[in-house]
Each structure stands twice: as structure tokens, then as C-alpha cells.
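Right, one structure below, let's go through it.
The values are calculated or read from the model by the stated rules, or taken from the named source; none is laboratory data. Since the structure is predicted, the reported quantities are computational estimates derived from the model, not experimental observations. Glycine also receives a Cβ, built like all others from the backbone with ideal geometry; neighbour counts cover every protein chain displayed. Note: accessible area is taken over every heavy atom of the protein model, side chains too, but ligands, DNA and RNA are not part of it. Shrake-Rupley method; radii C 1.70, N 1.55, O 1.52, S 1.80 Å.
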Amino acid sequence: MKGCDSLDNLKKTPLYEIYPKYNAKIIDFAGWAMPVQFESIISEHEAVRNAAGLFDVSHMGEIIVKGKDAFPFLQNLITNDLSKLNANQVLYAFMCNHNGGVVDDLLVYKYSNDYYLLVVNAANIEKDYKWMLNNAGIYKVEIENISDKIAELAIQGPKAEEILQKLTDEDLSQIKFFYFKDKVKIAGVECLVSRTGYTGEDGFEIYMPNEYAVTLWEKILEVGKDYGLKPAGLGARDTLRFEAGLPLYGNELGEDITPLEAGLGFFVKFDKGNFIGKDALLKQKEQGLKRKLVGFEMIDNGIPRHGYEVQADNQKIGYVTTGYFSPTLKKNIGLALIDSKYAQIGNQIEVIIRNKPLKAVIVDKNFYKKNYKK
């Protein structure tokens with residue numbers, strides 16, 4: 001196993017012990033020992049775009065919210081409108097603080113009006129759980145953090161359904177985009193399976209008790225081998241989500257960045273009644289955004305990276321939130337949070353790379369057309 005020198009103090013997923021078998025390069029990600037790559041970021045990225053990749057995402061958090069007030073509690077907690085959700089449907093939403101900044105972005109899985117599963121970011125599990133408890137107030141709800149008991153695998157790519165179908169009698173084509181089914185037997189193991197993911201491709205996220213993670217990982221890789229399935233790490237996960245214009249908490253979202261600034265106002269429903277952060281977000285919307293998230297493409301030769309300064313008119317106007325050489329587009333591209341008066345598509349900006357201002361042009365931030373099966 002290559003990579004991080006000191007792994008002793010890091011949290012580990014149930015798959016950690018078999019990483020050496022797949023030549024995983026391990027890094028510290030949000031306090032977790034996680035594979036950044038197995039073969040290479042580019043080959044894993046291309047496998048997902050063209051065939052399929054299998055990710056260990058067991059570091060993600062799972063929190064159950066149940067009880068007679070589960071629905072009103074969550075409606076108050078999140079920005080999106082839970083009333084539009086059917087049973088067995090999944091909703092993407094934000095939990096915002098009172099200033100409109102993002103506590104976390106998350107998925108809400110609805111079993112019924114009084115039972116939900118929330119899937120949250122690994123770095124925010126404890127913070128989110130505490131935020132929920134602190135905002136439970138008079139709501140009659142039980143909130144249980146089950147993150148330590150649950151493993152999660154994600155199979156993503158155009159051949160994901162065909163591969164996974166080999167291991168189950170369940171007709172996976174019946175699980176629609178952003179829906180889920182519980183108690184699906186995959187290789188004999190009861191799992192929750194949702195048609196969701198973080199790559200811009202079709203695919204599934206599979207939740208199971210920890211003890212079955214290794215078995216399922218190996219079974220899926222075995223049946224997927226002839227289809228071009230590869231194990232994929234966090235490196236490819238990041239380049240894939242970034243090309244598809246999907247945000248990463250800590251980069252495009254944070255306690256000091258609102259969903260509106262991130263260009264994700266679609267997931268903020270002002271007409272649904274009160275929710276935490278609504279007043280601040282409404283005020284921001286009415287006054288106009290002072291900064292916006294934009295996509296850009298380098299004109300000069302250089303790779304933009306997270307945190308690099310962005311300039312225009314010889315002054316700092318913002319910073320790069322994510323930047324890469326795009327394996328799909330074969331271009332150096334990035335996302336940046338900048339002063340909104342410079343945010344029009346076609347505007348030229350400069351990114352400071354190795355102390356040099358290099359030219360770039362603002363483009364649509366959805367660099368890659370998503371291939372979801374809807």
C-alpha cells in the first residue's frame with residue numbers, strides 16, 4: 001500500500017484491509033485513510049466515462065431521522081422542498097446556517113413521512129449530527145447517527161446497470177433516477193440501492209452493513225472485469241464530479257459560501273415556508289449577489305489549483321475553488337468564486353499560477369454533459 005506515511009490515527013473503512021491487493025495509494029481525506037487512486041486517476045476517470053468504476057465511499061455519513069415530526073423538522077432544516085418527495089425518492093438539499101452559509105449539502109432518502117435517511121459528507125458527520133440535535137427544539141423526532149455501521153459502494157458509468165444486474169434478481173431498470181429500493185439482494189446481501197452518484201454518469205450507490213463490504217466489492221469487480229470495470233479512487237471521483245459541474249463541500253460550498261453564490265439556487269425553495277437561513281438568503285437574492293461561482297478555461301498554458309488567486313483589472317477578484325487538467329476535454333479548466341461584476345461568460349480573467357498571471361476565459365461551468373438515465 002502506497003501513500004500516506006502515518007495512517008494509524010486515521011479512520012478506516014471496512015475495505016481498508018484489502019486495499020493493498022489493489023495497489024491503492026492512500027491519502028488522509030477528512031481524517032480518513034482513503035484510496036486516492038489504484039491504477040491512475042486518468043485511467044480510472046476514463047473507465048467511468050466509457051465503461052464503469054467502483055468506488056469505496058464508506059466514509060460518507062448516514063443519519064436516520066424518524067418520528068411523528070420528522071417531516072416538519074426536516075422542512076425547517078433544509079432548503080429544498082420535502083413535500084414534493086414520494087416514498088422511495090431521493091432529494092438533494094442544503095442545510096444552511098442562519099447567515100445562509102452551507103452547513104452541509106446532503107441527500108435525503110424518504111421511506112415515509114415519519115422516516116428518512118440522510119447521507120452527509122464525511123468531514124461533516126459530527127458537525128451535522130450536532131446541528132440536527134441542536135435544532136430539534138420541540139419537534140418530536142429521533143435522530144440517530146448510524147455512520148459507523150454502514151458501508152457504501154458506488155458503481156458509476158454507462159455499463160453500471162448491466163454489471164450490477166448480474167448479481168441481483170431485482171430489475172434495476174425499475175429504479176429510476178434519484179429513487180431507491182431497500183432490501184435488494186446483491187450477491188445474496190440485503191442492500192439499499194439508489195440510482196444516484198457523483199460523476200455525471202448513470203450508476204448506483206449501494207448501502208450495506210459493514211461486514212458485507214469486502215464480499216460485495218470483490219464480487220462486483222469480478223463480474224465487471226469483462227466489461228472494463230475498474231476500482232476507482234477519490235482522485236477520479238473529484239475530476240469526474242468537477243467536469244460535470246457538481247460541487248464539493250469545502251471547495252464550492254462552505255459555511256461562508258451560500259447556495260446562491262454557488263449557482264445552486266434551484267435547490268433553495270423560498271415558497272415552501274420557513275427554513276433555517278431563509279431570511280439571509282432572501283436578502284442576498286433581493287440585494288443581488290456580490291460574488292458568483294464561474295467556470296473558466298485556461299488560454300495560457302497552466303493548471304489552475306484550489307486556492308489560486310484570480311485577478312482582473314490588476315486586482316484580486318476571487319479565487320479558484322477547483323481546477324484540473326480535464327481528462328475528458330483535454331483542457332485546463334477550473335471553477336472560481338469571483339466578484340459578480342466580472343462573472344459574464346466570455347470575460348477574460350487571469351489566474352496566478354507560480355506567481356505569474358496567466359490568461360483564462362469564463363465559460364459555462366457545466367463542462368461535461370451529464371449522462372443520467374432518467
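Going by Cα centres, region 217-268 and region 304-368 are how many Å apart? Each part's Cα centre sits 20 Å from the other's. Distance check, please: which entries in LYS159/LYS370; LYS110/LYS219; LYS159/LYS369; LYS176/LYS269 exceed 20 angstrom between their Cα atoms? Beyond 20 Å between Cα atoms: LYS110/LYS219; LYS176/LYS269. For the chain, evaluate the Debye formula with one uniform point scatterer on each Cα (no solvent term) and list log10 I(q)/I(0) at q = 0.13, 0.14 Å⁻¹, rounded to two decimals. Reported log10 I(q)/I(0), two decimals: -1.11, -1.28.
Normalise the Debye intensity by I(0) for region 140-179, one equal point scatterer per Cα, no solvent, then take log10 at q = 0.17, 0.18, 0.20 Å⁻¹ and round to two decimals. Values returned for q = 0.17, 0.18, 0.20 Å⁻¹ are -0.67, -0.71, -0.79. Dipole magnitude for the chain: about 820 debye, using +1 per Lys or Arg Cβ and -1 per Asp or Glu Cβ, origin at the Cα centre. Each Cα pair under 8 Å and six or more residues apart adds its separation to the average, and for the chain the resulting relative contact order is 18 percent. Just so you know, the Cα atoms of region 88-221 work out to an Rg and Dmax of 15.9, 48 Å. Which distance in Å, rounded to a whole number, links the C-alpha centroids of region 94-160 and region 55-89? First find each Cα centre; the distance between them is then 6 Å. Once backbone amide H atoms are built at 1.01 Å from N, VAL57 has GLU152, LEU153, ALA154 as its partners under 5 Å, excluding neighbours fewer than 5 places away on the same chain. Of the solvent-accessible surface of region 233-280, computed with a 1.4 Å probe and all protein chains present, 52% belongs to carbon and sulfur. Only Cα sites of region 231-342 enter the Debye sum here, all with the same form factor; the resulting log10 I(q)/I(0) across q = 0.14, 0.19, 0.24 1/Å is -0.63, -1.02, -1.36, listed in q order. Let me see the pair-distance distribution of region 114-158: every alpha carbon pair, 10 Å bin width, integer percents in order. Reading upward from the zero bin: 20, 49, 22, 8, 1. Where only DSSP H runs of four or more residues are counted, the chain gives -5000 deg cm²/dmol as its mean residue ellipticity at 222 nm, each run worth -39500 (n - 2.57). Probing with 1.4 Å while keeping every protein chain in the model, the per residue accessible area of the chain equals 44 Å².
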